[in-house]
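Remarks on the structure that follows.
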Amino acid sequence: MENRVLVACGTKYGATAEIAERIGQVLRQAGLSADVLPAERAGDVRAYKAVVLGSAVYIGRWRKQAAAFLKANEKALAERPVWLFSTGPTGEGDPVALTQGWRFPKGLQPIADRIRPRDIALFHGSANVDKMNPIEKWMLKNVKVPSGDFRDWDAITAWATAIADALK
Ligand SMILES: Cc1cc2nc3c(=O)[nH]c(=O)nc-3n(C[C@H](O)[C@H](O)[C@H](O)COP(=O)(O)O)c2cc1C
């Protein structure tokens, strides 16, 4: 358990999984041991010193695998340092401005309040229209989510570096 960190995520098209990978890389470069796993395959949280959990956002909600992980592991998460992140907004500018102040799914906020994460981040996402089904394409147009990869690797790296610093 010494210095072992779990980085778990919920993703549909892989953009969030790549962000989780980057976070894991930064933690490893800092001398920590990091397991990067899809939330549905992440094992026992009690084996880890700390947990980073994130999810892609679809219509204001986390992917169900990440939400289920948060709910199922609430007690163990409350007992260790936890960082949460969401990936969603596409377009230029501050991600919270792009979501008109949205930071975290409302339905999960009571659980987050009990877990008391060290931080909750919101990162730009990547919406690749070519991969989407017709309903998603239609929704994307309606919610005016620009297509493209807007992930801010500097912001993600800086956030992960702060996590590594806190755990050392
Ligand atoms: C149908 C649809 C709905 C979306 N809804 C939201 C949303 O409510 N808020 C948001 O910030 N991003 C939203 N997005 C953008 C995705 O969260 C973004 O593309 C994310 O990076 C996808 O991650 P993934 O590749 O890991 O699934 C939506 C995208 C699609 C296709």
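So the values come out like this:
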item: Verdict on PHE150 being more than 9 Å from the ligand (Cβ to nearest atom), crowded, with 16+ Cβ neighbours inside 10 Å and closer than 17 Å to ALA56 by Cα; result: no
item: Residue that is nearest to ALA17 (Cα to Cα) [pool: residues in the range 73-89 that are assigned to a loop (DSSP other than H, G, I, E, B) and within 16 Å of the ligand (Cβ to nearest atom)]; result: GLY88
item: Qualifying residue in the range 13-24 (condition: away from the ligand (no atom under 15 Å from the Cβ), under 23 Å from ASP165 (Cβ atoms), modelled with pLDDT of 95 or more and of a type in the set (D, E, K, R)); result: no
item: Sole exception among (1) in contact (Cβ under 8 Å) with a residue 60 or more places away in the chain; (2) in contact with a helix residue (DSSP H, G or I) (Cβ under 8 Å, 6 or more places away or on another chain); (3) of a type in the set (Phe, Trp, Tyr) for PHE150, by number; result: (2)
item: Single condition VAL145 does not satisfy, out of (1) at pLDDT 95 or above; (2) crowded, with 17+ Cβ neighbours inside 10 Å; (3) assigned to a loop (DSSP other than H, G, I, E, B); result: (1)
item: Restricting the range 90-116 to residues that are at positive phi and in contact with a strand residue (DSSP E or B) (Cβ under 9 Å, 6 or more places away or on another chain), the residue that is farthest from the ligand (Cβ to nearest atom); result: ARG116
item: Single residue of the range 117-137 satisfying the filter (more than 9 Å from the ligand (Cβ to nearest atom) and part of a strand (DSSP E or B)) that is farthest from VAL51 (Cα to Cα); result: ALA121
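The values are calculated or read from the model by the stated rules, or taken from the named source; none is laboratory data. Given the structure is predicted, the values throughout are model-derived calculations rather than measurements. Note: ideal-geometry Cβ built from the backbone for every residue, glycine included; neighbour counts use all protein chains shown.
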